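Each remark here refers to the structure printed beneath this line.
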Amino acid sequence: MEALFFNINDGYLEGIVRGYKSGILTSNHYINLTQCETLDDLKLQLSATDYGNFLANEPSPIATSTIHEKATQKLVDEFKYVRTLHERDTHELLERCHPLGVFDSMPALCVATNVAELYDTVLVETPLAPYFKNCLSANDLDELNIEIIRNTLYKAYLEDFYRYCKRIGGATGQMMSEILEFEADRRTINITINSFGTELSRDDRAKLFPSLGRLYPDGHAKLARADELEHVKNVVEVWVEYRPFFDNSLTSFGGAATSEAKTLDDRFFEHEVHLNKLTFQQHFHYAIFYAFLKLKEQEIRNIVWIAECIGQGQKERISNYIPIF
């Protein structure tokens, strides 16, 4: 049923996103980028891709931070075109916020003079209200570590987004469920590992785990009791699809040899790219909109990594990016 009526309202937008997807950098593009000797060479190589003249007005020598900023802005412009959004008026302080997360009432947050006022403003003025209301109090904002607050809110958001995708159903629900379940598992593993050696108790750690994913609930119960990396590895390796993530061999997600062992984050990013690419193999669904943004974010990380290696003279590490196509 989803496919029957999809094109009436959203077929044009799907076509736009698939057009954007065709402009994502390929392996040949990355080969050319890794051969650059200077950031100006990198700028020239990028001008021959869909990035075009996005750096044309930037004077030499160009900084890596500028490349990151302009590449992100290009993604935001594409996102706004699809969403048919208009430019937002923002306070100077809000310039530090990620542009994809900007919403109409965000400037109202600058009016608050203390934590209690900020909490009340968030509850009334922003789309984050349901997550704050159900998860945090005003005292929490003042007393809890910022990472605990961040993970608490993201847990609530992820669970809500997951339920929403399930309600949509069809191909959208199927593909987004797989993507979000992996994201939940990744966050659960990272929260566990990052909590080692901190004051975070096992019970508080478990409260931060999203209630979804392949690791839920049995894996969550075991990870809540883990106290070293080897314990995490033993728990996660029960799930066959995650077993390669803790393999120390010199292979990437596709099995190709690499110059040095992949980190756990590298393997997470590789699998995320794999799942997002799969969404483009089907038509008439909404998962490609989410997947496109995630693939572009990875592409920007790749470009910044290559630029940093060039700028710091670390050419031996320049190939340690995550290929997409």
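The values are calculated or read from the model by the stated rules, or taken from the named source; none is laboratory data. These numbers come from a predicted model, not from an experiment. With ideal geometry, Cβ positions are generated from the backbone for all residues, glycine too; neighbour counts draw on all protein chains shown. These area figures cover heavy atoms from the full protein model, side chains too; ligands, DNA and RNA do not enter into them. Shrake-Rupley method; radii C 1.70, N 1.55, O 1.52, S 1.80 Å.
Structure notes:
- Tyr216, sole failed condition from (1) loosely packed, with under 13 Cβ neighbours inside 10 Å; (2) at pLDDT 95 or above: (1)
- Inter-residue pairs, beta-carbon under 7 Å, first farther than 18 Å from Ser177 by Cα and in contact (Cβ under 8 Å) with a residue 12 or more places away in the chain and in the range 194-220, second among the charged types (D, E, K, R) and surrounded by 14 or more Cβ atoms within 10 Å (Cβ to Cβ), 6+ apart: Leu208/Lys155
- Restricting attention to the range 270-325, the residues being in a loop (DSSP other than H, G, I, E, B), out of contact with any Phe, Trp or Tyr (no Cβ under 9 Å at 6 or more places or on another chain) and within 23 Å of Arg167 (Cβ to Cβ) number 1.
- Matching residues, the range 60-91, being more than 22 Å from Arg18 (Cα to Cα) and either of a type in the set (Gly, Ala, Ser) or at pLDDT below 90 (or both): Ser60, Pro61, Ala63, Ser65, His86, Glu87, Arg88, Asp89, Thr90, His91
- Restricting attention to the range 219-250 and to residues that are buried (at least 16 other Cβ atoms within 10 Å of the Cβ), within 20 Å of Asp266 (Cα to Cα) and not β-branched (Val, Ile, Thr), the residue that is modelled with the lowest pLDDT turns out to be Phe246.
- Residue in the range 5-23 that is among the aromatic types (Phe, Trp, Tyr), within 14 Å of Lys296 (Cβ to Cβ) and assigned to a helix (DSSP H, G or I) present: yes
- When the range 52-82 is limited to residues that are open to solvent by 60 Å² or more (accessible area, probe 1.4 Å) and of a type in the set (Asp, Glu), the one that is farthest from Asp40 (Cα to Cα) turns out to be Asp77.
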